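I have placed the structure first, in the form of structure tokens, so that the comments after it can refer back to it.
The values are calculated or read from the model by the stated rules, or taken from the named source; none is laboratory data. All figures in this text were calculated on a predicted structure; none of them were measured in a lab. Backbone-built Cβ (ideal geometry, glycine too); neighbour counts: all protein chains shown. Heavy atoms of the whole protein, side chains included, go into the accessibility calculation; ligands, DNA and RNA do not. Shrake-Rupley method; radii C 1.70, N 1.55, O 1.52, S 1.80 Å.
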Amino acid sequence: MFPGSMGLDALKRDDGKSSANLLDVLSADPAKLRASLEEADAATLMLVLVQITGDRSLLARARPHISGPMNYHEKMPVELRSEIRMRLADALLDHARTGKALPPIPDGEDLREMLSIAVGEDVSADYVSMMREDLEAIQPDPRGLNWRHEPAPEKLAAFPVVIIGAGMSGVCAGIRLKEAGIPFSIIEKNSAVGGSWYENFYPGCGVDTPNHFYSYSFFLNHDWSHFFAKRDELWSYFEDATDRYAIREHIQFETEVVSADYDDASATWTVTTRTSDGRTEQLSAKSVISAVGVLNRPKLPDIPGRDTFAGVALHTAQWDAGLDLSGKTVVMIGTGASGQQVGPTIAPDVAQLTILQRSPHWVVPNPNYFAEVSDGMKWALAHIPSFARWYRFQLFWAFADGLHASLQVDPTWDDGGKSISQINARHRLYMERYLRAKLGEDSPLIEKVTPSYPPYGKRILIDNNWFDMLQRPNVELVTDQIAKIVPEGVVMADGRTIEADVLIYATGFQASKMLAPMKITGKQGRDLHQFWGPDDATAYLGTMVPEFPNFFILMGPNTGLAHGGNVIFITECQVRLILACLQEVLEGDAKAIDVRHKAHDDYVAEVDALHANMVWTHKGLTNWYRNDAGRVFALLPYRLVDYWKMTKDFRREDFLLS
Ligand code: NAP
């Protein structure tokens, strides 16, 4: 459509949730429109108003009042907020009545300026094309596979793909393959979809990236009950996506992939599976996509006597739904993301909770963490054109790329290792002030909970009443070393025995053994785990390993995010790259695509060089992102916008077609 002739409905992407005609909805209930606008953020509404009226004078007026991406406390003067809401309602109703054309979607410097004002910081031009992709609502979605020369049906039928895992990333890959008409099956070890969000249901389990960002770009949910949803709602979301795109019929549940072996001559993968009742089967595939995730094999600490404990012992990811903790004496080991959700949730019910902390995490407050999404906000997200996209960009900035600068080491900065740069030090100061305010200046807890390492060295956690919990009379935080586990509980290095009915391991996952225990062999029997060694997984763009043709890894090496971010965004980028690779094969004469050694090696060298100047390699810091040799194998060093571009711009010279 010629942009100048664009109407309101054209701005509404089919997000899979509601397809009612927007103009009808707006004109049917003007009172609802005005009431809803009262509950939606004025800064975000202002961006919509500028977009649909072209009146850029509002930007200059709003700019001084937007100092950060999240306008949590409505910092604009009341009169300006009212004017924005009134004018936006009038403009939308006018468009609904007259059907008149909208101005073209902003581009170039105009859009860059809007992005900057949206987040209260200077946003570079790099973000313009990414945001255009969100705002344009182009169908078909450019993030899917859009054939240049659609292959004959027989050719597609002869190219079956096996996806391993039906979690967030496997379902995403399935949706895109289905749209492209490429046949596939998904092998899932569990009896349901959702991966981590199915397996984890410990008390308090939820997400700490806001849902309006932590969701598929093509399947927005405008009905999240909270800004940060709990596990059941997240799991339902992935169930809904599976059904909305009819993926369930492709999934073989309760079946594990044991191995995948490539035959060079036929360019075919043989995938060996084992069902929960022990039957093995072999599937033939032209391509294999591993979507097994990294945080799915619980790590139990190597503490002497672990098996002697006489009470109930369980890992957060292997929770017992029937476990009743009321009145119990509980010891929890670990204070990472899982532990910080479990602790405050169970503390009110248990008789005594003793938390064994090896090292503290930085904790940050978020005004929306417990907040429900108002009905007006839900309505605005669903009905105001582009509102959900602008809001998503603000979240993207606040929880991802806007933080990237604070991860970079300033070599001239030296405060004894407490921070890595001026901006990083500012974050430290903010969080130190916060914890002191929560605990009181004289609290003996302050020393225990203040990390010695710089902010972002480990994942920063959103305060889930952690500090309030620590001040409960039935909670004790112990920071001494653990010596051993005995039948009655845990013995500390100073000889104290802490008795327990229940021992909770909030001790994380075996992340470094990627794709284990599967055996993957590529060209000429090359074994993936031998190539990687025990804990040094690498892949081109985190997705492809040389000599493993037509084999792709989702959530693979160096694709994780520890400063915030959104792994769904990363997955969608990876799926786009995979689709481009498959397109090369299926539109041409080749049978397989492989990444060149040089492209892989150069990429890994660049990743390592970037990490050498980032917070996760800070001296003395321990985290699960590094392997025994100290190499960061888990995390992406790039900004999300860089990774979006690198996976979008297919570099044919990096690949070998055979
Ligand atoms: P984690 O971040 O690896 O934390 C494990 C905790 O156990 C750490 O406090 C660690 O201490 C401690 N620990 C491990 N071994 C120990 C030992 N032998 N003795 C004493 N303490 C020991 O694991 P997690 O909390 O399950 O989180 C893993 C990842 O899952 C997170 O980084 C995040 O990406 C994701 N996650 C996200 C959410 C969310 O979105 N809200 C929730 C849960 C998990 P040290 O720090 O000293 O190693």
Exercise for review: Among the residues of the stretch 476-514, write down those that are in a loop (DSSP other than H, G, I, E, B), within 15 Å of the ligand (Cβ to nearest atom) and surrounded by 15 or more Cβ atoms within 10 Å (Cβ to Cβ).
Suggested key: T479, A500, A506, T507, G508, Q510, A511, S512, K513, M514
Practice item. State all residues of the stretch 175-200 that are of a type in the set (S, T, N, Q) and either open to solvent by less than 10 Å² (accessible area, probe 1.4 Å) or in a loop (DSSP other than H, G, I, E, B) (or both); if no residue qualifies, say none. Key: N190, S191, N200
**Study point:** Checklist (1) touching a residue at least 12 places away in the same chain (Cβ under 8 Å); (2) open to solvent by 20 Å² or more (accessible area, probe 1.4 Å); (3) over 21 Å from E476 (Cβ atoms) applied to Y456, failing item
**Key:** (2)
Review point. Which one of D589, D649 is under 30 Å from R392 (Cβ atoms), open to solvent by 20 Å² or more (accessible area, probe 1.4 Å) and of a type in the set (D, E)?
Key: D649
Review point. Somewhere in the stretch 396-411, is a residue closer than 18 Å to A229 by Cα, crowded, with 22+ Cβ neighbours inside 10 Å and within 16 Å of the ligand (Cβ to nearest atom)?
Key: yes
Point to revise | All positions within the stretch 212-260 that are more than 18 Å from L177 (Cβ to Cβ) and aromatic (F, W, Y) | key: F213, Y214, W224, F227, F228, W235, Y237, F253
Check your understanding: Do you know which residues across the stretch 412-432 are polar (S, T, N, Q), open to solvent by 50 Å² or more (accessible area, probe 1.4 Å) and in a loop (DSSP other than H, G, I, E, B)?
Key -> T412
Revision key, fill the gap. Of the residues in the stretch 622-637, those that are surrounded by fewer than 20 Cβ atoms within 10 Å (Cβ to Cβ) and under 14 Å from Y603 (Cα atoms) number 0
Practice item. For the stretch 291-341, enumerate the residues that are more than 16 Å from the ligand (Cβ to nearest atom) and closer than 17 Å to C205 by Cβ. Key: D320, A321, G322, L323, L325
Exercise for review: Check off (1) open to solvent by less than 20 Å² (accessible area, probe 1.4 Å); (2) part of a loop (DSSP other than H, G, I, E, B) for C172 and give me the number that stays unchecked.
Suggested key: (2)
Point to revise | Complete set of residues in the stretch 275-297 that are in contact with a Lys or Arg (Cβ under 9 Å, 6 or more places away or on another chain) and over 30 Å from N558 (Cβ atoms) | key: S276, T280, E281
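Listed here are the residues, each with its yes/no results for (1) closer than 30 Å to D642 by Cα; (2) surrounded by 21 or more Cβ atoms within 10 Å (Cβ to Cβ).
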{"position": "L300", "(1), (2)": "no, no"}
{"position": "A310", "(1), (2)": "no, no"}
{"position": "L314", "(1), (2)": "no, no"}
{"position": "I333", "(1), (2)": "no, yes"}
{"position": "A371", "(1), (2)": "no, no"}
{"position": "G376", "(1), (2)": "no, no"}
{"position": "A382", "(1), (2)": "yes, yes"}
{"position": "P385", "(1), (2)": "yes, yes"}
Exercise for review: Might you let me know whether the stretch 214-225 holds any residue that is within 16 Å of the ligand (Cβ to nearest atom) and open to solvent by 10 Å² or more (accessible area, probe 1.4 Å)?
Suggested key: yes
Check your understanding: Out of the stretch 61-80, which residues are within 27 Å of D401 (Cβ to Cβ) and open to solvent by less than 70 Å² (accessible area, probe 1.4 Å)?
Key -> A62, H65, I66, G68, P69, M70, N71, E74, M76
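Results for (1) at pLDDT 95 or above; (2) within 22 Å of L395 (Cα to Cα); (3) hydrophobic (A, V, I, L, M, F, W, C); (4) touching a Gly at 6+ places or on another chain (Cβ under 7 Å), shown as yes or no for each residue.
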{"position": "S67", "(1), (2), (3), (4)": "no, yes, no, yes"}
{"position": "K75", "(1), (2), (3), (4)": "no, yes, no, no"}
{"position": "E83", "(1), (2), (3), (4)": "yes, no, no, no"}
{"position": "T98", "(1), (2), (3), (4)": "no, no, no, no"}
{"position": "A101", "(1), (2), (3), (4)": "no, no, yes, yes"}
{"position": "I105", "(1), (2), (3), (4)": "no, yes, yes, no"}
{"position": "E109", "(1), (2), (3), (4)": "yes, yes, no, no"}
